[in-house]
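The values are calculated or read from the model by the stated rules, or taken from the named source; none is laboratory data. Predicted model only: the values in this text are computed from it and were never measured. Because the Cβ atoms are built from the backbone with ideal geometry, glycine has one as well, and the counts that use them run over all protein chains shown. Side chains are part of the model used for accessible areas, which takes the heavy atoms of the whole protein and leaves out ligands, DNA and RNA. Shrake-Rupley method; radii C 1.70, N 1.55, O 1.52, S 1.80 Å.
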Amino acid sequence: MTLPSALTGAGITGTAADELAASTRQSAGTVIAQLRGEGSSAAAVDALAQGFADATRWSLIVASVFLLLGVVGAARLRRVAERS
């Protein structure tokens, strides 16, 4: 789930959703804690937290796949070098 779609599910749409999503991305999620501290809408804060967590999860999954591909490539390269 993306940040804007998470906010839409919480009933926040339009410019407000875009601005909240952009500020969350730019602050690397620290705006979520600030909004909690200010007592902002629980639905908005929960939607931002969920959307940010989902985005972070997917980023880690993609990074892990590339890391695994690098390890496999390095192992294959080592085997080819040993044969030569």
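Let me spell it out: the conditions are (1) surrounded by 14 or more Cβ atoms within 10 Å (Cβ to Cβ); (2) in contact with a helix residue (DSSP H, G or I) (Cβ under 8 Å, 6 or more places away or on another chain), and Ser40 meets all of them except one. Which number is the exception?
Condition not satisfied by Ser40: (2).
Could you tell me whether any residue of the stretch 2-13 is without any contact (Cβ under 8 Å) to a residue 24 or more places away in the chain, in a helix (DSSP H, G or I) and open to solvent by 90 Å² or more (accessible area, probe 1.4 Å)?
No, every residue in the stretch 2-13 fails to be without any contact (Cβ under 8 Å) to a residue 24 or more places away in the chain, in a helix (DSSP H, G or I) and open to solvent by 90 Å² or more (accessible area, probe 1.4 Å).
Any idea which of Ala28, Ala53, Ala63, Ala75 is of a type outside the set (Asp, Glu) and surrounded by 12 or more Cβ atoms within 10 Å (Cβ to Cβ)?
Ala53
Quick one: what pairs do we get from the stretch 45-64, first residue farther than 9 Å from Leu3 by Cβ and part of a helix (DSSP H, G or I), second β-branched (Val, Ile, Thr) and open to solvent by less than 60 Å² (accessible area, probe 1.4 Å), C-beta under 8 Å, 6+ apart or different chains?
Val45/Ile32; Ala49/Ile32
Cβ contacts < 9 Å: first residue assigned to a helix (DSSP H, G or I), restricted to the stretch 15-32; second residue modelled with pLDDT of 85 or more and open to solvent by 70 Å² or more (accessible area, probe 1.4 Å), any location; separation 6+ or different chain. Result?
Every condition considered, the pairs that remain are Thr24/Thr30.
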